[in-house]
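Input: one structure, supplied below.
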Amino acid sequence: MQIAPNTVASLAYVLTNTQGETLDQADVHHPFVYLHGAHNIIPGLENALTGKQKGDELDVTIPPEDAYGLKDEALQQQVPRSMFAGADEEHIVPGAQFHAQTNAGMQTIVITAVEGDTITIDGNHPLAGETLNFKVTVLDVRAATKDELSHGHAHGPGGHHHH
């Protein structure tokens, strides 16, 4: 069976950046499973996987435009420390990540600098602006179930449990 819309693919992969650093990976024991055609993964990878089948191996280089987008300077801003009222002081450091409710829904923001009472935050995806290299092995491809199609994502072994 080929990877196509409404199929569920299981992948093993290693994701590296242009410096060769491993950013993420999945293996046969902990595969990455997704519903193809439901925008569950970045467009560049989804396009590269279309038509592939079990056992196929591929190396894919994805530019930022087909991954997590380019860095948006407007998402970087300076805010007063008071916006983090209630957060532990040791968490208000560069590199710390917070979840924030924004007009675009739940977003991860990263603190990039702390200068006195002024904190610089970045709402870009941590991989925005990055060219991504995937070394992928297709472990399995199957038809999606009715539940998966209605939920818009793949379910793990034994079904899916909403919390």
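Heavy atoms only, probe 1.4 Å: what % of the accessible area of the range 1-54 goes to carbon and sulfur, would you let me know?
Summing carbon and sulfur atoms, their accessible area is 49 percent of the total for the range 1-54.
Just one of (i) 0.95; (ii) 1.09; (iii) 1.05 is Rg/Rh (Cα atoms, Kirkwood Rh) as worked out from the coordinates here. Which one is it?
The value matching this structure is (iii).
Right, something else. State the Cα centre-to-centre distance between the range 107-127 and the range 17-88 in whole Å.
Cα centroid to Cα centroid, the span is 19 Å.
Net charge within 14 Å of GLY116 by Cβ-Cβ distance, Lys/Arg positive one each and Asp/Glu negative one each, not counting GLY116 itself?
-2
Contact order normalised by length for the chain, with contacts defined as Cα pairs under 8 Å and 6 or more residues apart; what percent is it?
Value for the chain: 34 percent.
Of the accessible area of the range 56-128, with the probe set at 1.4 angstrom, what percent is carbon plus sulfur?
C and S fraction of accessible area: 50 percent.
Let me ask something else about it. Residue-wise, which Karplus ³J(HN,Hα) couplings in Hz belong to the range 90-95, taking 6.51 cos²θ - 1.76 cosθ + 1.60, θ = phi - 60°, and x for glycine or proline?
5, 8, 8, 9, x, x
Can you give the calculated 222 nm mean residue ellipticity of the chain, where each DSSP H run of n ≥ 4 adds -39,500 (n - 2.57) and the sum is split over every residue, rounded to the nearest 500 deg cm²/dmol?
-2000 deg cm²/dmol
On to the next question. When we measure straight from the Cα of LYS52, which aspartates and glutamates land under 15 angstrom away, once same-chain ones fewer than 8 places off are left out?
Correct list for LYS52: ASP140.
Further question: Peptides 9-15, 96-102: what's the order by average Cβ count within 10 Å, highest mean first?
So the peptides 9-15, 96-102, ranked by packing, come out 9-15, 96-102.
Continuing with this model, one more query. Sequence-distant or interchain residues sharing an amide H contact under 5 Å with THR112, placed H: which?
GLY95, THR120, ILE121, ASP122
Moving on. Taking a probe of 1.4 Å, how large is the accessible area per residue of the chain, in Å²?
Per residue, the chain has an accessible area of 60 Å².
Taking the Cα atoms of the range 1-83, what is the range of coordinates along each of the three principal axes, in descending order and whole Å?
Taking the Cα atoms of the range 1-83, the three principal extents are 54, 27, 24 Å.
The values are calculated or read from the model by the stated rules, or taken from the named source; none is laboratory data. A quick note: this is a predicted structure, and the numbers were derived from the prediction, not measured. In this analysis, Cβ positions are derived from the backbone assuming ideal geometry, glycine residues included, and neighbour counts consider all displayed protein chains. When the accessible area is computed, the model is the full protein with side chains, heavy atoms only, and any ligands, DNA or RNA have been set aside. Shrake-Rupley method; radii C 1.70, N 1.55, O 1.52, S 1.80 Å.
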